[in-house]
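Worksheet: one structure, shown below.
No lab work stands behind these numbers, since they all come straight from the coordinates. None of the values given here were measured: they were computed from a predicted structure. Positions of Cβ are generated from backbone atoms using ideal geometry, with glycine treated the same way; all protein chains shown enter the neighbour counts.
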Amino acid sequence: MVVADGTRLSSPPVKVMYGGAVYTGEMEYERRHGIGKFVYQNGDYYDGVWSEGKAHGHGTYWTRQTQYTGEWEQDLKHGSGQEKFVDGTAYEGEFWQGYRHGHGTLRWTDGSTYEGQFAQNKQEGDGSFVWKKGSKYSGQWENNYIHGAGSYVYADGATYEGQFVWNLKDGEGVYTSSLGRRVECTWKDGRPTGSVLFKTNNWDGPPTCWKDGIMFSWAIRSDRPTPAGSPRGRRRGGGGDGSPRSPGGSPRSPGGSPRGGSPRGDGGGSPRSARSGGVSGYSARSIGSAKRNR
């Protein structure tokens with residue numbers, strides 16, 4: 001058999017034993033080249049296109065932990081592909097040198113979804129996350145954390161627009177409760193700090209001074225009472241009518257596709273070693289499971 005580039009392949013396909021592993025398919029100069037299936041001794045397999053002994057082109061790699069179907073380059077996931085994990089988590093998008101890298105969508109079994117940019121298996125760049133209970137964040141990410149400018153919509157309709165640092169409101173931002181009460185201030189570690197303004201649709205309060213989420217003085221003397229629903233600055237939780245809560249944090253990203261996971265098949269036929277952590281172990285830093293978020 002001769003393919004488009006003039007390479008002469010074995011025809012019909014041959015069957016070759018590698019210790020306990022088996023390759024069935026086309027070969028050229030005693031190397032896997034063309035269409036073929038390599039079954040490892042433990043039952044894992046790669047079925048697809050080979051070039052000079054390496055997975056190169058379109059193919060499927062299956063293990064007991066994950067299944068990847070998509071493009072390969074020099075034994076590594078590279079290009080567009082789909083990856084499904086044993087727990088039901090699934091990724092569809094771009095890969096680079098064995099990593100989730102570029103634009104993609106990651107879905108968890110509880111219904112939570114992240115769509116946006118990835119860098120070496122991590123949520124990084126611009127992206128949107130929707131939690132199972134309806135909360136949503138759109139904005140910047142770094143190392144799987146909400147980090148930078150963004151907008152967070154709580155399940156009850158409250159919103160926060162402004163700066164985040166490692167999942168917490170930090171910097172200039174505006175919190176609006178589900179009843180329309182607004183808090184405009186600088187935030188630190190998820191809490192109001194410095195001069196804080198309270199506003200409603202028909203009332204603008206005077207500035208107040210806050211430290212570590214606690215009001216310690218009115219910045220301007222006023223006979224008006226403290227506005228109802230003023231924030232207490234709790235880091236987590238919070239009421240629906242005025243307490244500016246911090247989002248619960250982005251979910252863990254699956255430890256993702258092993259950079260290895262690629263079928264070299266030489267000798268014992270073991271997959272190429274992973275650069276990132278194993279699929280079941282979650283390589284990304286844990287920052288709060290999606291199942292615990294709103």
inquiry  = Compute the orientation-averaged projected area for segment 11-90 from the convex hull of its Cα atoms and round it to one decimal in nm².
reply    = 5.2 nm²
note = Using alpha carbon centers only, segment 151-218 is separated from segment 85-146 by a whole-angstrom value of 28 Å
query = By a straight-distance test (C-alpha under 20 Å), which lysines pair with K15 as possible cross-link partners, with residues fewer than eight away in the same chain excluded?
reply = K37, K54
query = For segment 155-205, what mean projected area does the convex hull of the alpha carbons give, in nm²?
reply = 3.6 nm²
remark   = Hits in segment 91-120: amide N under 14 Å from the 7 Å Cα→Cβ extension of Q67, namely 91
query = Can you give the FRET efficiency for K133 and T24, using 1/(1 + (r/R0)^6), R0 = 51 Å, r = Cβ-Cβ distance, to the nearest 0.05?
reply = 0.55
message = Name the residue from V153, W141, T113 whose Cα lies farthest towards the positive end of the charge dipole of segment 76-170, charges +1 on Cβ of Lys and Arg and -1 on Cβ of Asp and Glu.
response = T113
ask   = Kirkwood-based Rg over Rh for segment 36-128 (C-alpha set), two decimals?
value = 1.01
key: 9 Å beta-carbon shell around T105, net charge (K/R +1, D/E -1)   = -1
request  = Compute the Rg/Rh shape ratio of segment 37-190: radius of gyration over Kirkwood radius, all on alpha-carbon atoms.
outcome  = 1.14
inquiry  = Testing the spin-label approximation: label points 7 Å from Cα along Cα→Cβ at N42 and A149. State their distance in nm.
reply    = 4.7 nm
Eligible aspartates and glutamates near K211 by straight Cα distance, threshold 18 Å, same-chain separation 8 or greater = D170, E172, E184, D189
query = Residues with beta-carbon under 11 Å from that of K199, excluding K199: net charge, scoring Lys, Arg +1 and Asp, Glu -1?
reply = 0
